[in-house]
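Below: the structure, in structure tokens.
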Amino acid sequence: MMRTVFGTGCLLSLVLPCGQVMAQPSLDGLVDRDIAALVGTYKALHAAPELSHYEEKTSAFVAKELRALGYTVTERLGKFSRPEWRGYGVVGVLRNGEGPVVLVRSDMDALPVEEKTGLPYASKVRTKNDAGQEVGVMHACGHDIHMTTLLGTAKLLAELRNEWRGTLVLVGQPAEETIDGAQAMLNDGLYDRIPKVDYALAIHDTGELPAGKVGLNPGFIMASGTAVEVTVRGIGGHGARPELAKDPVVLASQIVLALQTIVSRENSPIDPAVVTVGSIHGGTRPNIIPDEVKLQLTVRAYKDESRQKILEAIERIAKGTAAAAGIPPELAPVVVVSKTEFTPATYNDPALAERLSAVFKRTLGADNVGTLPPAMISEDFARFGLDGHQIPSVLFQVGATDPVKFAEGQRIGTPPPALHSALFAPVPEPTIRTGIKLMTSSVLELMKKQ
């Protein structure tokens with residue numbers, strides 16, 4: 001039998017049939033053994049990013065590594081709304097007797113951001129996006145950290161099979177940045193291919209904590225995200241004869257301003273929400289009044305009833321403002337709420353979060369475990385928990401900023417580069433080390449032998 005004690009300096013010991021005891025490395029020792037190779041993996045992934053819906057080489061690499069570790073691997077999972085988007089989801093399954101089923105997810109896609117970190121392994125990749133525009137590509141959200149952590153955890157748990165019982169499901173998810181990858185994998189029968197999941201876990205790096213620390217919050221930690229498009233229609237004409245036209249540019253401007261009153265005047269101040277108009281396009285020439293203007297919005301909320309109320313308010317304000325401007329009913333604005341660019345809020349099961357918090361404190365020390373304020377950013381990991389409420393799920397955040405630079409930034413009041421920044425540069429070794437220790441310890445806690 002194998003007896004495991006976790007903590008700094010503690011050993012794993014194997015009792016042999018003859019009564020001899022062979023010492024094995026501590027969890028720290030196992031990570032020490034692998035960390036150089038894992039940092040090399042991270043740098044290779046960082047230098048070769050792929051955009052959402054196009055993670056072909058990245059997913060093949062993850063699949064190859066999991067297969068080499070003894071996992072049963074399924075590739076090319078995912079059904080998207082557009083036929084040209086092929087599914088590149090990866091699932092690795094390791095069965096180890098009767099016990100809980102634990103799903104661990106890593107995202108794999110990168111962002112259309114031109115990297116400006118100046119690192120020797122910085123991405124120089126350029127490609128064309130779906131609109132045909134040439135863009136730089138960068139892992140500006142740390143998905144390369146997440147994949148490396150997944151692979152490091154996969155190796156340790158394969159080696160420590162005498163310590164746990166159950167089924168481990170490791171997921172490489174495409175298209176997190178477009179918040180449709182998790183649903184695409186579910187649409188392709190992910191939960192029909194594996195046993196019923198008892199727990200779902202995920203990691204996310206953050207520049208808001210120094211490397212070596214972790215933030216774990218119970219309850220809502222990230223908001224739902226919904227994309228909305230508003231087509232503001234008018235009657236075009238000459239820029240010098242506005243009285244003969246119905247100007248959609250002026251109307252769109254009025255709608256943009258009116259939308260700001262939804263959160264400030266229609267939503268409870270203690271119920272966080274965001275309505276942002278991120279894109280406005282219309283017209284071709286300074287002396288031409290166009291026929292229409294398009295607005296693209298993002299809506300963020302924690303509660304679904306708040307989300308629905310905001311969406312209704314957007315349509316009411318758009319159409320009401322148009323009517324007040326004398327726009328004929330047949331030219332009323334068209335409001336389209338995206339069915340694919342939507343994800344529910346990320347909700348950490350409180351009981352599971354409390355259980356893992358105790359594990360984290362034993363693994364890192366209580367001083368290195370804390371909380372981060374809930375954010376209005378969005379993540380589609382919630383989909384794996386069936387909207388975060390039926391399968392107990394937890395996403396925890398691992399610090400990724402160099403501790404010295406973090407302390408200096410705190411001193412002078414300069415925050416580190418944020419996620420999605422062209423300057424975002426996690427410090428690899430301590431971030432990956434911490435992520436692997438926490439994720440491995442979490443799985444061992446949830447799947448420990450009775």
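The values are calculated or read from the model by the stated rules, or taken from the named source; none is laboratory data. This one's a predicted model, so the numbers in the text were calculated from it and none came from an experiment. Glycine gets a Cβ as well: all are built from the backbone with ideal geometry, and neighbour counts include every protein chain shown.
Structure summary
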{"item": "Complete set of residues in region 55-93 that are of a type in the set (A, V, I, L, M, F, W, C), part of a loop (DSSP other than H, G, I, E, B) and either modelled with pLDDT under 95 or surrounded by 20 or more Cβ atoms within 10 Å (Cβ to Cβ) (or both)", "result": "F80, W85"}
{"item": "Single unsatisfied condition, P333 versus (1) surrounded by 14 or more Cβ atoms within 10 Å (Cβ to Cβ); (2) outside the structural domain of R241 (by TED's automatic domain parsing); (3) not hydroxyl-bearing (S, T, Y)", "result": "(2)"}
{"item": "Considering residues of region 429-450 that are surrounded by fewer than 24 Cβ atoms within 10 Å (Cβ to Cβ) and touching an Asp or Glu at 6+ places or on another chain (Cβ under 8 Å) only, the residue nearest to P403 (Cα to Cα)", "result": "L444"}
{"item": "Subset tally (residues that are farther than 21 Å from P426 by Cβ and either of a type in the set (S, T, N, Q) or surrounded by 20 or more Cβ atoms within 10 Å (Cβ to Cβ) (or both)) for region 175-210", "result": "14"}
{"item": "Those residues of region 393-428 which are more than 25 Å from P112 (Cβ to Cβ) and loosely packed, with under 13 Cβ neighbours inside 10 Å, in sequence order", "result": "V404, A407, E408, Q410, R411, I412, G413, T414"}
{"item": "Among the candidates T167, T153, T148, residue that is at pLDDT 95 or above and either of a type in the set (F, W, Y) or within 17 Å of A44 (Cβ to Cβ) (or both)", "result": "T148"}
{"item": "All positions within region 335-353 that are of a type in the set (S, T, Y) and either in contact with a helix residue (DSSP H, G or I) (Cβ under 6 Å, 6 or more places away or on another chain) or under 17 Å from A175 (Cα atoms) (or both)", "result": "S338, T340, T343, T346"}
{"item": "For A313: the one exception among (1) within 25 Å of the chain's Cα centre (by Cα); (2) crowded, with 18+ Cβ neighbours inside 10 Å", "result": "(1)"}
{"item": "Unique match (being of a type outside the set (D, E, K, R) and more than 28 Å from E379 (Cβ to Cβ)) among G278, G283", "result": "G283"}
{"item": "Selection status of H389, under 21 Å from the mean Cα position of the chain (by Cα), over 21 Å from G219 (Cβ atoms) and in a loop (DSSP other than H, G, I, E, B)", "result": "no"}
{"item": "Residue satisfying condition, being surrounded by 16 or more Cβ atoms within 10 Å (Cβ to Cβ), in a helix (DSSP H, G or I) and not small (G, A, S), within set L297, L356", "result": "L356"}
{"item": "Residues of region 229-250 classified as under 30 Å from E305 (Cβ atoms) and surrounded by fewer than 23 Cβ atoms within 10 Å (Cβ to Cβ), total", "result": "2"}
{"item": "Residue list for region 248-303, filter: over 27 Å from Y347 (Cα atoms), among the polar types (S, T, N, Q) and touching a Lys or Arg at 6+ places or on another chain (Cβ under 9 Å)", "result": "S279"}
{"item": "Residue in region 94-105 that is touching a strand residue (DSSP E or B) at 6+ places or on another chain (Cβ under 8 Å) and either in a helix (DSSP H, G or I) or at positive phi (or both) present", "result": "yes"}
{"item": "Filter result for the condition that a residue is of a type in the set (K, R), assigned by TED's automatic domain parsing to the domain that holds A175 and within 30 Å of F381 (Cα to Cα), over R355, R300", "result": "R355"}
{"item": "Filter result for V171 (closer than 16 Å to G92 by Cβ and crowded, with 24+ Cβ neighbours inside 10 Å)", "result": "yes"}
